[in-house]
Each structure stands twice: as structure tokens, then as C-alpha cells.
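K.L.:
Structure in C-alpha cells, see below.
The values are calculated or read from the model by the stated rules, or taken from the named source; none is laboratory data. Small disclaimer: the values here were computed from a predicted structure and weren't measured. Glycine gets a Cβ as well: all are built from the backbone with ideal geometry, and neighbour counts include every protein chain shown.
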Amino acid sequence: MQVFTSGVEQDLSMILANKDWRAQFQLDLMEQFPQATILAIKLNIPGNIKNNQSIERIFSEGWFRLLEKFNEVTILEELFLHRKTGPEGFIVIREDLRNAKIASVDFEQAWPLGRLFDVDVMSKQNLSGGQLSRTSLGLPVRQCFVCGAPAKECARLQTHTKAEISKAIDDMVTAYFGE
């Protein structure tokens, strides 16, 4: 399965505008649900193609896994959005911030396509004013799709080519969907 063979390319200005939109949307959700924890879900998709049928399929599969993880007892609100810059979702839950982050990292690490997901966990009640990081909880950092080293190091050093990263993601997706 080739994830990046189709789709409309997004330029940097569109990606940055969506990042600003997301930040404001998250603030709005925290104001609307001041006692809740907010999960902001998106994909870690390198390059300029951020949305197509394959990407939507990956996101949908993970979305339903996350909804199962945070069952209907804890979910207050769920919002699934189809954006030009890729699918995104927000889940508002009645759950401790720390426990929600641990469960989200578990999803990102344990589920075969979880490494493609970025689940930010935040709350208005968090003293740092928003998101809780992996490192603040002593959890492992994200791993590179290609070599398994810390992803931020590989990105900063540009260790892998776009083709290598795309192939690693294609292989991961093919192995999961069996196509």
C-alpha cells in the first residue's frame, strides 16, 4: 500500500494556518470544558501530502481504537474533522490528565500504526497551561519510523531521506492492512 501516491499537496502556509486554527480550537475546548481533559489527535505525516483515502483510512482505524480505549463512560464529547491538511479529532474526557497521557502513549506505542499518531493531552487545570509531555512523565520519547532512534534527533539531523521515511510508513501500513 502506497500512502503518498495521491492527494493534494499542502504548502507551508496552509500547514501553519491549520496549526494556529488547532491551537485556538484547543483553547476554546478547554474553556468550554474547564474540568475535563482534551485529547487532540492528528497524524504524524511527513511531507506535503496530508490527506487522501489511505490517510483517512489510517486515521479512522486509529480513531475508533482510541474511542474504545476511552470508553463511553469517560467520553463527554468527540469531534472528528476532515481538514484539507489531514483528518483531526478531539475527544473530551472525564479522566485524570496523567492517566490520559499514559493511555495515549500506550496507544501510540502498542498499536501497530500508533507511531503515525500524535495524541496531545491537555487540560485547563494543568499548571503549565496546556499539554502534558511524555518526558514530564518519564515516558519514552517517540521513535523514528525508519531506525527506531529518537525521532526528534533524526528529524533535526535529517538522517533519512523522504523516500526512506515514505517506504517505512508504506511498509507499516501494508503490514497492518495486509495489502
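K.L.:
Taking segment 3-19 only, how many residues are under 18 Å from Ile58 (Cβ atoms) and among the hydroxyl-bearing types (Ser, Thr, Tyr)?
P.N.:
Within segment 3-19, residues that are under 18 Å from Ile58 (Cβ atoms) and among the hydroxyl-bearing types (Ser, Thr, Tyr) number 2.
K.L.:
Looking only at segment 38-49, which residues are part of a loop (DSSP other than H, G, I, E, B) and under 16 Å from Leu113 (Cβ atoms)? Quick ask: steps written out before the conclusion?
P.N.:
Restricting attention to segment 38-49, the residues satisfying the condition of being part of a loop (DSSP other than H, G, I, E, B) are 44-48.
The answer is Asn44, Ile45, Pro46.
K.L.:
Is one or more of the residues making up segment 146-153 more than 27 Å from Gln26 (Cβ to Cβ) and small (Gly, Ala, Ser)?
P.N.:
yes
K.L.:
Looking at segment 1-16, which of its residues are in contact (Cβ under 8 Å) with a residue 12 or more places away in the chain and either part of a strand (DSSP E or B) or farther than 30 Å from Phe177 by Cβ (or both)?
P.N.:
Answer for segment 1-16, where residues must be in contact (Cβ under 8 Å) with a residue 12 or more places away in the chain and either part of a strand (DSSP E or B) or farther than 30 Å from Phe177 by Cβ (or both): just Glu9.
K.L.:
Further question on the same structure: Just for segment 95-125: of the residues that are crowded, with 17+ Cβ neighbours inside 10 Å and polar (S, T, N, Q), which one is modelled with the highest pLDDT? Steps first, answer last, please.
P.N.:
Filtering segment 95-125 down to residues crowded, with 17+ Cβ neighbours inside 10 Å leaves 95, 97, 100-101, 103-105, 107-108, 111, 113-117, 119-124.
When the remaining residues are screened for being polar (S, T, N, Q), the result is 104, 123.
Numbers: Ser104: 93, Ser123: 88.
Ranking the candidates gives Ser104 first.
K.L.:
If the Cβ limit is 7 Å and pairs must be 6+ apart or interchain, which residue in segment 100-117 that is more than 17 Å from Phe145 (Cβ to Cβ) pairs with which residue that is in a helix (DSSP H, G or I) and at pLDDT below 95?
P.N.:
As it stands, the answer is Lys101/Leu137; Ile102/Leu137; Ala103/Lys69, since those pairs meet every condition given.
K.L.:
Let me confirm something: among Glu88, Glu153, which residue is acidic (Asp, Glu) and either touching a strand residue (DSSP E or B) at 6+ places or on another chain (Cβ under 6 Å) or modelled with pLDDT under 90 (or both)? Show your work before the answer.
P.N.:
Numbers: Glu153 fails: either touching a strand residue (DSSP E or B) at 6+ places or on another chain (Cβ under 6 Å) or modelled with pLDDT under 90 (or both).
Of Glu88, Glu153, the one residue that is acidic (Asp, Glu) and either touching a strand residue (DSSP E or B) at 6+ places or on another chain (Cβ under 6 Å) or modelled with pLDDT under 90 (or both) is Glu88.
K.L.:
Go through segment 45-76 and count every residue that is in contact with a Phe, Trp or Tyr (Cβ under 7 Å, 6 or more places away or on another chain), closer than 23 Å to Lys19 by Cα and not hydrophobic (A, V, I, L, M, F, W, C). Show your work before the answer.
P.N.:
To start, the set of residues in segment 45-76 that are in contact with a Phe, Trp or Tyr (Cβ under 7 Å, 6 or more places away or on another chain) comprises 47, 49, 62-63, 65-66, 69, 76.
Going one step further and asking which of them are closer than 23 Å to Lys19 by Cα, we end up with 47, 49, 62-63, 66.
Now drop any that are not not hydrophobic (A, V, I, L, M, F, W, C), which leaves 47, 62.
Total satisfying the criteria: 2.
K.L.:
For segment 141-178, which positions are surrounded by fewer than 12 Cβ atoms within 10 Å (Cβ to Cβ) and within 26 Å of Phe64 (Cβ to Cβ)?
P.N.:
Correct list: Gly178 only.
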